[in-house]
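Everything on this sheet refers to the single structure shown next.
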Amino acid sequence: MNDRAPGQSRIQWVEEAEATGDAASVYARYQEATGRDFVPDILKCFSLRPDFLGQVMAFSNTVHFSDGHLTRRIKEQIATLVSGLNRCPY
């Protein structure tokens, strides 16, 4: 689990290297689906409940990255811009 300095988030999660069982399976599916070699911290905060983490990932993919009124490409461009403006790493 992650160790945070005082003043940082107190949410505990499982790091990729420490993941076993269902958490490791969900992480592996995410990495395979996205081509990333890491899982963003915003998703890791659900890792103590791998069943819920899988649901969050599926919901996020549907809401954020499926075509609708805006295409996935436009949504990702908006997300990238906002993350950059917020100096957010994910």
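Just so you know, all these numbers are worked out from the coordinates, no wet-lab data involved. Predicted model only: the values in this text are computed from it and were never measured. In this analysis, Cβ positions are derived from the backbone assuming ideal geometry, glycine residues included, and neighbour counts consider all displayed protein chains.
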Amide H contacts under 5 Å for residue 13, placed H, 5+ residues apart: 2
Helix 50-65 vs. the chain, principal-axis angle (Cα, 0 to 90°, nearest 10): 20
Fluctuation leader among 14, 63, 26 - the chain, Gaussian network, Cα springs under 10 angstrom: 63
Sequence-separation-based contact order of the chain, relative, with Cα cut under 8 Å and 6+ spacing, percent: 20
Candidates 70, 53, 43, ranked by Gaussian network fluctuation over the chain, Cα under 10 Å, top entry: 70
Gaussian network model of the chain, springs between alpha carbon atoms under 10 Å - residue of 67, 41, 51 with greatest fluctuation: 67
Answer label for mean projected area of the Cα convex hull in nm² (calculated), chosen among [x] 7.2; [y] 6.5; [z] 7.9: [y]
Pairwise centroid distance, computed over Cα atoms, of segment 14-40 with segment 63-86, Å: 23
Lys/Arg +1, Asp/Glu -1 at C-beta; the chain dipole; positive extreme among 11, 62, 28: 62
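Note down the magnitude of the dipole of the chain about its Cα centre, charges +1 on Lys and Arg C-beta and -1 on Asp and Glu C-beta and zero elsewhere, to the nearest 20 debye.
Details: 10 positive and 11 negative charges, 79 e Å.
With only Lys, Arg, Asp and Glu charged at Cβ, the dipole is about 380 debye.
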Cα gyration tensor, segment 16-63 - rounded (a/c under 1.5), prolate or oblate: oblate
